[in-house]
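As structure tokens, the structure follows; a few thoughts come after it.
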Amino acid sequence: MAYKDDINESLKKALKEKDSLRVSVLRMLLSALGYKEIEKRKPLTQEEFYGVVKTMMKQHAESIESFEKGQRQDLVEKEEKELLILKEFAPAQMSEEEVSQAVDDAIETLGAKDQKDMGRVMKVLTEKLASRVDGKVLSQMVRTRLSSQRPS
């Protein structure tokens, strides 16, 4: 897969430059991808790859928050650096206009009328957009759109 090639190239470069932090993060990422492939018993799709990266980024963000509460600035800085490395492999986030259009299209396609249809709309959207938009933002947008629709 192309994403693994990119990671491996970046890993080789980091090894040559003796960038131990980068080497560590890239090896963790390759390991997580390997586990996911074993779990699925087939190569990952692009969307699944982004899902793994997004999960790792979320874990780092939670660690940063915890370390800040514990006043461990040294660990906060390390986690922030690791998070920046992971962001290089994350998908580009969709703009608000793109998300809005996708929500409108899904609602129209499914014929969703009210809040009872939210689950169906969210299922379709998360399958398509999961790694490129924050789930909370997506959920709020769908809820707002469905509550503003008038029954005909």
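General observations
- Inclusion of Gln59 among residues that are surrounded by fewer than 17 Cβ atoms within 10 Å (Cβ to Cβ), of a type outside the set (D, E, K, R) and at pLDDT 90 or above is warranted.
- Complete set of residues in the stretch 95-124 that are surrounded by 14 or more Cβ atoms within 10 Å (Cβ to Cβ) and over 14 Å from Leu146 (Cα atoms): Val99, Val124
The values are calculated or read from the model by the stated rules, or taken from the named source; none is laboratory data. Predicted model only: the values in this text are computed from it and were never measured. When we count neighbours, we look across all protein chains shown, and the Cβ atoms used for this are built from the backbone with ideal geometry, even at glycine.
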